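The values are calculated or read from the model by the stated rules, or taken from the named source; none is laboratory data. Given the structure is predicted, the values throughout are model-derived calculations rather than measurements. Note: ideal-geometry Cβ built from the backbone for every residue, glycine included; neighbour counts use all protein chains shown.
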Amino acid sequence: VPPPLIVPSVLPADFARLGDEIRELCDAGVDRIQWDVMDGVFVPNLTFGPDVIAAAQQHSRVAFEAHLMVVEPDELLPRYVEAGCDLVIVHAEACTHLHRTLGRIRDLGARSGVALNPHTPADLVEHVLTETDLVLAMTVNPGFGGQAYIPSVENKVARLRRMIDDSGLPIELEVDGGITAETITGAAAAGADVFISGSWMYAHQDGKAAAVRQLRTAAAS
Ligand code: DX5
């Protein structure tokens, strides 16, 4: 079983100091960094364009992943890969042709990922497992950081874990939303191996490195 990956969301960062914030995350020992890209349509919030991510890339020693919470992501895919995202995650609910979109991400040279909102059944990814390198089960309704973890999603995580294991494919299973040292244990027990943390990591009283260590320990417990 691969070790748990701890991946911060940049959403809670001070956007006036993004370069420093990225360096601090790298110094804290994170495995990757996730950019929550929001278009104000798929979710009621608006965040990072590709140029912001490209500027931040120069300050990073770890890989970037883009979580595209946008409608019609196809047109944006090349921009986020060129901006330096090695992994691009699209929402199944936003893709009319999900199988083709995931293939396009790989054709652009990045790894592909598919995200599911809390209401979306695991079965929606059944016929695209060969096209994806990661499945993201949202444990909050997307759009904002600092929301409460939705424990019932753990049933979906367990089902996704079985689907991935049965496929024999090297697919990462990521959870995102409300992840803390407490909630991570249930998500890990259900079968997740990549954990996104935003507000809890940024608010940790002992700093981000301690937060990363605490999450790793709790996920492996
Ligand atoms: C929701 C975002 C958040 C963010 C993490 O759209 O995707 O889940 O990454 O936020 P926290 O860890 O504060 O819930």
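The table below gives the values:
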| item | result |
| --- | --- |
| Which listed residue, of Thr47, Thr101, Thr96, is among the polar types (S, T, N, Q) and more than 18 Å from the chain's Cα centre (by Cα) | Thr96 |
| Residues within the stretch 181-213 that are surrounded by 19 or more Cβ atoms within 10 Å (Cβ to Cβ) and more than 14 Å from the ligand (Cβ to nearest atom), tallied | 4 |
| Filter result for Val10 (surrounded by 21 or more Cβ atoms within 10 Å (Cβ to Cβ), touching a strand residue (DSSP E or B) at 6+ places or on another chain (Cβ under 9 Å) and aliphatic (A, V, I, L, M)) | yes |
| Residue list for the stretch 37-60, restricted to those being more than 16 Å from the ligand (Cβ to nearest atom), farther than 19 Å from Pro12 by Cβ and not in a loop (DSSP other than H, G, I, E, B) | Pro50, Asp51, Ala54, Gln57 |
| Single residue of Val175, Val157, Val135 found to be within 18 Å of Gly113 (Cα to Cα), free of Cβ contacts under 8 Å to residues at least 60 places away in the same chain, in contact with a helix residue (DSSP H, G or I) (Cβ under 7 Å, 6 or more places away or on another chain) and part of a helix (DSSP H, G or I) | Val157 |
| Residue in the stretch 74-82 that is within 18 Å of Val194 (Cβ to Cβ) and at pLDDT 95 or above present | no |
| Thr130 being of a type in the set (Val, Ile, Thr) and within 13 Å of the ligand (Cβ to nearest atom) | no |
| Selection status of Leu98, crowded, with 20+ Cβ neighbours inside 10 Å and within 13 Å of the ligand (Cβ to nearest atom) | no |
